[in-house]
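The values are calculated or read from the model by the stated rules, or taken from the named source; none is laboratory data. Owing to the predicted nature of the structure, the values given are computational and were not obtained by experimental measurement. Don't worry about glycine lacking a Cβ; one is built from the backbone with ideal geometry, like all the others, and counts go over all protein chains shown. Remember, those area values only see protein heavy atoms, side chains included, never the ligands or the DNA or RNA. Shrake-Rupley method; radii C 1.70, N 1.55, O 1.52, S 1.80 Å.
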Protein chains: 2
Amino acid sequence: MATGRNHRPATSRSRGIPEATVARLPLYLRALTALSERSVPTVSSEELASAAGVNSAKLRKDFSYLGSYGTRGVGYDVEYLVYQISRELGLTQDWPVVIVGIGNLGAALANYGGFASRGFRVAALIDADPGLSGKPVAGIPVQHTDELEKIISDNGVSIGVIATPAGAAQQVCDRLVAAGITSILNFAPTVLSVPEGVDVRKVDLSIELQILAFHEQRKAGEEPGAPPETDTAPPAAPPAVSVAKRPPESGTDGDLPAVMPA
Amino acid sequence: MATGRNHRPATSRSRGIPEATVARLPLYLRALTALSERSVPTVSSEELASAAGVNSAKLRKDFSYLGSYGTRGVGYDVEYLVYQISRELGLTQDWPVVIVGIGNLGAALANYGGFASRGFRVAALIDADPGLSGKPVAGIPVQHTDELEKIISDNGVSIGVIATPAGAAQQVCDRLVAAGITSILNFAPTVLSVPEGVDVRKVDLSIELQILAFHEQRKAGEEPGAPPETDTAPPAAPPAVSVAKRPPESGTDGDLPAVMPA
DNA sequence: ACATGTGAAAGGGTTCACAGCC
DNA sequence: GGCTGTGAACCCTTTCACATGT
């Protein structure tokens, strides 16, 4: 999930298409769309794989789950594959989405071209700030949270995007779910709890950075002449055992503001 | 990606900590930080797992890779674990990052509190638009792309965030890498090619939505009384080539009810 | 009594390598 | 000759279940 990871616990996997394959289909689709625009008629697994950033064996295996639409000795028909993958992903139909929380990030999402370009349509922007109500963002007037339920049912929205601060996310999520939404893309740095049957994917900027930092740190430690950088941490106490159990005692700590506003 | 998936091909895995575990450490850390703020002294694997959105067996296994910092019959010391995980992730040191591309998204990132709160410091904002130069975003003046190399070397930056349009991403990436950056968080919808030794993680909004759509479509097809929605797709041409060779081809196609026979 | 820590089993995902077909 | 399609081997991840320790 970001990322994306936390998904339904692998129960009843669609038509047998593995989750990992589903996650790569959009990648293939993007590469194929680019080829299509350049009027390239066919493409080999090797070429397409390299354009999508995967290896060719994986790509062929992935396509085999869709039914194997290629021609041996030739390759894949670009237009045909675009259609098949689009259909498999459900992009041949129109998906209205609502974005809740029109701060910096919400506005960025509303303006993001990638949404509109692939069957997704921003049906409404919703924010709790009355001062924003009526103001257009990306050409769409922001509506107040009070209207949330009505907007969703009137427009038949089934996908919601949460871009609120962390503190508001669960509450917004609950209302979205109660209003009938069954898929949520969450940008707030919180674990959302949802009932069975609702899909949540999360995108977490801070987590991605932390994973990078982990590997970066490792690189620095491995390099021959790499100085270990300034380390700001206190040694911290042992895991504490029997008596007087009191580890770090945040005396020299002085760091970690910890609150994560969206 | 999420999520990030595309990472170094599992070569030489750090100190033996599995990649999947590394990706969850930030989740644990966030949950632990919240507990720490509430002055909770210890926590069980069950409680912490539920706060982080995973199951307890997984969490215990994950911690076992770090060295098993718990106490049987008791649980984990919150403060101590916060420190151990922070150290493992490299968050006890300061990581300067640069953000390239200060559009809607770049501005949102610059304002994102989660960056600053965990050892990451926005060292510079960079944009190709001369009109932006000098203007402050999130209190930091935007600098021109010409300065990119100098900024990176002067500040010892090793992590870069790309929030440019897709067309500019590879070029920016190349310059970042040439300037010495070895970790990149990419928000542009493109596959970046980088030399060996450079880590790339990508966050792709459109891909996450497409994955949701896939599952959403499946739900609609499974539900008893679910109307199949408006379908906007043309039948698309056959895979070309010769005469025979015809995949399933459901009789009177033309419409595609979006229902996949399970 | 209770909760961690961990071998072992189970489940997915990736890669290999070659059979099959154009 | 060239490229797809796929069983089989391999590897990583998750889950189970219980031994271990306090």
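Given (1) open to solvent by less than 10 Å² (accessible area, probe 1.4 Å); (2) within 13 Å of DNA strand D (Cβ to nearest atom), where does B:Val98 come up short, assuming only one miss?
The number of the failed condition is (2).
Please enumerate the residues belonging to the stretch A:31-52 that are of a type outside the set (Val, Ile, Thr) and touching a Leu at 6+ places or on another chain (Cβ under 7 Å).
Those that are of a type outside the set (Val, Ile, Thr) and touching a Leu at 6+ places or on another chain (Cβ under 7 Å): A:Ala31, A:Leu32, A:Ser45, A:Leu48, A:Ala49, A:Ala52.
From the list B:Leu59, B:Leu81, which one is surrounded by 21 or more Cβ atoms within 10 Å (Cβ to Cβ), away from DNA strand D (no atom under 16 Å from the Cβ) and assigned to a helix (DSSP H, G or I)?
Selected residue: B:Leu81, the only one of B:Leu59, B:Leu81 that is surrounded by 21 or more Cβ atoms within 10 Å (Cβ to Cβ), away from DNA strand D (no atom under 16 Å from the Cβ) and assigned to a helix (DSSP H, G or I).
Give, as residue ranges, the helices (runs of 4 or more DSSP H) completely inside the stretch B:89-177 that count at least 2 residues that are more than 11 Å from chain A (Cβ to nearest Cβ).
B:148-155
If you scan the stretch B:131-156, which residues turn out to be among the polar types (S, T, N, Q) and surrounded by fewer than 16 Cβ atoms within 10 Å (Cβ to Cβ)?
Residues satisfying the conditions are B:Ser153, B:Asn155.
When you check B:Gly73 against the structure, is it facing chain A (nearest Cβ under 8 Å), within 12 Å of DNA strand D (Cβ to nearest atom), farther than 21 Å from B:Gly90 by Cα and not aliphatic (A, V, I, L, M), yes or no?
no
Would you say A:Tyr28 is touching a Ser or Thr at 6+ places or on another chain (Cβ under 7 Å) and either within 16 Å of DNA strand C (Cβ to nearest atom) or on the phi > 0 side of the Ramachandran plot (or both)?
When the stated conditions are applied, A:Tyr28 does not pass them.
Can you tell which of A:Ser44, A:Ser68 is at pLDDT below 95, surrounded by fewer than 20 Cβ atoms within 10 Å (Cβ to Cβ), farther than 26 Å from A:Asp199 by Cα and within 13 Å of DNA strand D (Cβ to nearest atom)?
A:Ser68
Residue check, B:Ala226 against (1) within 9 Å of chain A (Cβ to nearest Cβ); (2) modelled with pLDDT under 50; (3) within 26 Å of A:Pro96 (Cβ to Cβ), all met but one. Which one?
It is condition (1) that B:Ala226 fails.
Inspect all residues belonging to the stretch B:84-101 and state whether any of them is out of contact with any Leu (no Cβ under 9 Å at 6 or more places or on another chain), at pLDDT 95 or above, within 16 Å of DNA strand C (Cβ to nearest atom) and not assigned by TED's automatic domain parsing to the domain that holds B:Thr182.
Scanning the stretch B:84-101 turns up no residue that is out of contact with any Leu (no Cβ under 9 Å at 6 or more places or on another chain), at pLDDT 95 or above, within 16 Å of DNA strand C (Cβ to nearest atom) and not assigned by TED's automatic domain parsing to the domain that holds B:Thr182.
What residue, among those in the stretch A:36-55 that are closer than 16 Å to A:Thr71 by Cβ and more than 11 Å from chain B (Cβ to nearest Cβ), is farthest from DNA strand C (Cβ to nearest atom)?
The residue in question is A:Val40.
Exactly one condition in (1) within 16 Å of DNA strand D (Cβ to nearest atom); (2) of a type in the set (D, E, K, R); (3) open to solvent by 20 Å² or more (accessible area, probe 1.4 Å) is false for A:Glu88; which is it?
Only one criterion is unmet by A:Glu88, namely (3).
Being in contact with a strand residue (DSSP E or B) (Cβ under 8 Å, 6 or more places away or on another chain) and over 16 Å from B:Ala108 (Cβ atoms) is the filter here; which residues of the stretch A:108-128 pass it?
Scanning the stretch A:108-128 gives A:Ala116, A:Gly119, A:Phe120, A:Arg121, A:Val122, A:Ala123, A:Ala124, A:Ile126, A:Ala128.
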